[in-house]
Amino acid sequence: MKKYTKTAMFFHWLTALLIIAAFWLGLTMVDIPGITPTKLRYFSWHKWLGITILGLSCLRLLWRLGNRPPEYPANMTSWQKKAASGLHILLYVLIFSIPISGYLYSLASGIPVIYLGIFPLPVIMDPNPELKPLLKQLHYVLNMTLLASFCLHVLAALKHQFFDRDGVLKRILP
Ligand code: HEM
């Protein structure tokens, strides 16, 4: 069966790794009480990770538009193929909307983002106390949607591996 290309594998596994790190850091940092140097450092790392994911997602989408993935295996029914494509589109939407909502939340809070502590990113929004709680809620809800989609994605991969035994998981493994 045809495998994914090396570039597709690179984007897939690097994005997965960075998203798990940003997600874990996001949950950890908001649980630190008060304002401590560690908390501020975690916030910065979280934002840098998120911006890196956004940049990587832009490159990935551009690349994906010119490169079709291998066909689904013949044993998949038409609804399974539709469900798989739908979930993949949702995951693409989330890897853009999550970092963008976090970025806008930071700006609405009046905190410009300085990538890696060196590059100031564009301030495309003034501080906005009305939008601030909405953007925070949006960032949270999108992240919980990502968590649910990620679980479905992994469960589907495991079903292919252990029930269908159709080699789908192996196609994305280096
Ligand atoms: C794919 C990338 C990202 C993921 C997976 C992610 C994930 C998360 C998670 C799980 C939380 C905890 C939410 C909660 O429990 O309330 C969080 C909070 C936060 N994120 Fe992100 N995030 C990403 C990108 C970004 C970016 C790019 C920024 C800003 C530049 C950002 C800024 C924030 C801020 C400021 C909070 C704290 C919210 C609060 O004040 O409670 N995030 N993020």
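Give me the pairs: first residue in region 133-146 and under 14 Å from V30 (Cα atoms), second residue outside any helix (DSSP H, G or I), beta-carbon distance under 9 Å, and six or more apart or on different chains, which are they?
K136/S109
Looking at region 21-30, is at least one residue part of a helix (DSSP H, G or I), touching a Gly at 6+ places or on another chain (Cβ under 9 Å) and either within 11 Å of the ligand (Cβ to nearest atom) or within 22 Å of P127 (Cα to Cα) (or both)? Don't jump to the end; show me each part of the working.
We begin by selecting, within region 21-30, every residue part of a helix (DSSP H, G or I); these are 21-30.
Remaining after also requiring touching a Gly at 6+ places or on another chain (Cβ under 9 Å): 22, 26.
Cutting the leftovers down to either within 11 Å of the ligand (Cβ to nearest atom) or within 22 Å of P127 (Cα to Cα) (or both) gives us 22, 26.
Yes: one or more hits.
What pairs come out if I take residues in region 20-35 that are in contact (Cβ under 8 Å) with a residue 60 or more places away in the chain and pair them with residues that are within 7 Å of the ligand (Cβ to nearest atom) and part of a helix (DSSP H, G or I) whose C-beta lies under 6 Å away, six or more apart or interchain?
Close Cβ pairs (under 6 Å, with a partner that is within 7 Å of the ligand (Cβ to nearest atom) and part of a helix (DSSP H, G or I)) amount to G26/H46.
Go through region 37-59 and give me each residue that's open to solvent by less than 50 Å² (accessible area, probe 1.4 Å), within 17 Å of P120 (Cα to Cα) and without any contact (Cβ under 8 Å) to a residue 24 or more places away in the chain.
G55
When the residues of region 1-19 are filtered to those that are assigned to a helix (DSSP H, G or I) and out of contact with any helix residue (DSSP H, G or I) (no Cβ under 9 Å at 6 or more places or on another chain), which remaining residue is nearest to I100 (Cα to Cα)? Talk me through it step by step, then tell me what you get.
Our first condition is that a residue be assigned to a helix (DSSP H, G or I); within region 1-19, this holds for 6-19.
Next, only the ones that are out of contact with any helix residue (DSSP H, G or I) (no Cβ under 9 Å at 6 or more places or on another chain) stay: 6, 10, 17.
On the way: K6: 28, F10: 23, L17: 19 Å.
So, considering only residues that are assigned to a helix (DSSP H, G or I) and out of contact with any helix residue (DSSP H, G or I) (no Cβ under 9 Å at 6 or more places or on another chain), the one nearest to I100 (Cα to Cα) is L17.
Does at least one position in region 143-151 carry a residue that is closer than 22 Å to I20 by Cα, aromatic (F, W, Y), open to solvent by 80 Å² or more (accessible area, probe 1.4 Å) and at pLDDT 95 or above? First the steps, then the outcome.
So in region 143-151, the residues closer than 22 Å to I20 by Cα come out as 143-151.
Then keep just the ones that are aromatic (F, W, Y); that gives 150.
Still in the list and also open to solvent by 80 Å² or more (accessible area, probe 1.4 Å): 150.
If we keep only those that are at pLDDT 95 or above too, we end up with 150.
Yes.
Determine, yes or no, whether L62 is open to solvent by 70 Å² or more (accessible area, probe 1.4 Å), away from the ligand (no atom under 13 Å from the Cβ) and in a helix (DSSP H, G or I).
So L62 passes the test.
Would you call P99 in contact with a Gly (Cβ under 6 Å, 6 or more places away or on another chain) and without any contact (Cβ under 8 Å) to a residue 40 or more places away in the chain? Explain how you work it out, then say what you get.
Working: in contact with a Gly (Cβ under 6 Å, 6 or more places away or on another chain): yes; without any contact (Cβ under 8 Å) to a residue 40 or more places away in the chain: no.
No; evaluated as a whole, the condition is false for this residue.
The values are calculated or read from the model by the stated rules, or taken from the named source; none is laboratory data. Given the structure is predicted, the values throughout are model-derived calculations rather than measurements. For neighbour counting, all protein chains shown are included, and Cβ atoms are generated from backbone atoms with ideal geometry for every residue, glycine included. Note: areas computed on protein heavy atoms with side chains; ligands, DNA, RNA excluded. Shrake-Rupley method; radii C 1.70, N 1.55, O 1.52, S 1.80 Å.
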